[in-house]
1. Between Arg135 and Glu28, with labels modelled 7 Å along Cα→Cβ, what's the label distance in nm to one decimal, could you check?
2. How many nm separate the modelled label positions at Arg50 and Arg179, each set 7 Å beyond the Cα in the direction of the Cβ?
3. Provide the packing ranking of 46-53, 222-229, 169-176, i.e. peptides ordered by the mean count of other C-beta atoms within 10 Å per residue, highest first.
4. Any chance you could run the full-extension gain for Ala147 through Ser195? It's 0.36 nm times the residue separation minus the Cα-Cα distance, nm to one decimal.
5. If packing is taken as the average count of other Cβ atoms within 10 Å, what order do 80-91, 114-125 fall into, highest mean first?
6. Under 13 Å from a label point 7 Å along Cα→Cβ of Glu100: give me every residue in the stretch 164-202 with its amide N that close.
Amino acid sequence: MPEHDPAAARDEMQALLSGEGEGEAMPEAGGRRLAPAQVIEQLRAHLTARRRERIAEVVAGRTKRLVPVVEGLVNTGNVSAVMRSAEALGCQALHVVRGEGEQRFKRSQRTSQGAQKWLDLVRWEGPEACAAHFREHGVQVVATALASGAVPIGEIDFARPTALVFGNEEGGVSDAMRRAADRTCIVPLPGFTESLNVSVAAAVALRHARRAQGDDDEALTGDLSEAERERLTARFYLRSVTGAEQILKRKLAEEAS
């Protein structure tokens, strides 16, 4: 498909953002909803010890106290890159805010390399609803923008739960998002370059935020509760085992017979 094909670009973006949101339900088998512990018990034999250890390490490093938000991005490569950075740095959720007006998406050769498979993707039609959601849950909203009143990112208190917003490739975050945000920040650059590509800026800002949370450079510390870790482990098992739901249904049917 050619890069300038608007229909192909739109489909590519929709596919990229087709993941499940927060609160993904456990599968049903035998007429009942399985508990996370049951999913883990039934699927563990279908994973190698090395894979189980890796899932445990990733879950231990997951955070819900830092949430990247992208608003109005049109380049699928940039969205993919932000996803990779967010997932690699232990963020569990990525929120996507629709841009203002009609959006003409652009295709890219870059891919998310499957990062979206491990993230909770939450979509919003506008910045006001997104910001209201975070405030309701005690999360400060910080927009990254070269704007009046913006402070260096080092002045942001990332010990507080924070939603960090990155805007459109050309226009940045919208005026509506800046008004809805609690604070606006910039990433100071020591060189002559005054700005970074949005995907690079997101990687730099998210890494700064994770370090500011008190995480060690060698191991990013997570903050999920025991119940959240168990549920996420079950979800990662489901996404790691081919035909997981069919396996669960078959095993439970065998136990019931």
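1. 3.9
2. Those two pseudo-labels are separated by 5.5 nm.
3. The peptides rank, most packed first, as 169-176, 222-229, 46-53.
4. Numbers: separation 48, 0.36 × 48 = 17.28 nm, distance 1.25 nm.
This chain segment gains 16.0 nm when fully extended.
5. On the way: 80-91: 22.9, 114-125: 17.0.
Most protected by this proxy first, the peptides run 80-91, 114-125.
6. Of the residues in the stretch 164-202, 168, 171-180 have backbone N under 13 Å from the label point off Glu100.
We did not get these values from a lab; they are worked out from the coordinates using the rules stated. Keep in mind that what you see is a predicted model, and the values were worked out from it rather than measured. Here the Cβ is made from the backbone with ideal geometry for all residues, glycine too, and neighbour counts use every protein chain on show.
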